[in-house]
């Protein structure tokens with residue numbers, strides 16, 4: 001019974017740490033975008049939802065949560081090499097899932113753009129609307145790649161470095 005309580009306690013602890021890192025990272029990225037782009041928070045948020053979409057952002061958030069949870073678990077299971085390897089594998093799969101997600105949404109955006117181009121008649125009167133729709137879909141395509149690939153690379157790097165860190169250095173993330 002105490003083993004189950006300890007497991008539940010660790011799950012909640014690691015989950016809250018992962019959520020804190022995810023939300024803290026979101027705040028830092030938003031603050032960086034606000035200062036770099038000179039937009040207010042609502043404009044940056046609106047842009048993210050408009051260009052990247054709710055689906056991409058939701059899936060990205062879930063995969064990042066799993067990767068962060070795994071990173072914390074890798075860091076806190078030094079005494080159990082088998083569990084450490086297990087969490088490392090889960091984290092790497094989640095980080096690789098971010099890459100797959102980014103590339104899938106890239107192909108989706110390109111497909112939607114080509115599909116919208118094929119479905120509309122191109123005349124001098126409609127060319128502006130067709131180009132507007134096409135660029136909106138291509139923006140989704142390329143921004144998901146621009147966001148997803150670096151995020152995935154950072155998560156993989158953090159996991160590998162944490163996993164390879166000598167055991168005497170563990171204990172704080």
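The values are calculated or read from the model by the stated rules, or taken from the named source; none is laboratory data. If you're wondering where the values come from, they're calculated on a predicted model, not measured in any experiment. Glycine gets a Cβ as well: all are built from the backbone with ideal geometry, and neighbour counts include every protein chain shown.
Taken over region 148-173, the criterion of being part of a helix (DSSP H, G or I), modelled with pLDDT of 70 or more and over 16 Å from residue 103 (Cα atoms) is satisfied by 154, 155, 156, 157, 158, 159, 160, 161, 162, 163, 164. Scanning region 56-92 for residues that are over 19 Å from residue 16 (Cβ atoms) and in contact (Cβ under 8 Å) with a residue 24 or more places away in the chain, we see that the one that is surrounded by the most Cβ atoms within 10 Å (Cβ to Cβ) is 56. Where helices (runs of 4 or more DSSP H) fall wholly inside region 1-120, the ranges with 1 or more residues that are under 19 Å from residue 156 (Cα atoms) and at pLDDT 90 or above are 2-37, 54-75, 81-119. Is it the case, given these coordinates, that residue 154 is without any contact (Cβ under 8 Å) to a residue 40 or more places away in the chain, in contact with a helix residue (DSSP H, G or I) (Cβ under 9 Å, 6 or more places away or on another chain) and under 18 Å from residue 71 (Cβ atoms)? Criteria met by residue 154. Taking residue 22 as the residue in question, decide whether it is without any contact (Cβ under 8 Å) to a residue 60 or more places away in the chain, closer than 19 Å to residue 75 by Cβ and surrounded by 12 or more Cβ atoms within 10 Å (Cβ to Cβ). So residue 22 fits the description; yes. Evaluated against (1) modelled with pLDDT of 90 or more; (2) under 27 Å from residue 108 (Cα atoms), residue 135 falls short on exactly one condition, (1).
Surrounded by 12 or more Cβ atoms within 10 Å (Cβ to Cβ) and out of contact with any helix residue (DSSP H, G or I) (no Cβ under 6 Å at 6 or more places or on another chain): is that true of residue 114 in this structure? In short, yes. If the condition is being buried (at least 16 other Cβ atoms within 10 Å of the Cβ) and closer than 19 Å to residue 67 by Cβ, then region 127-150 contributes 144, 145, 147, 148.
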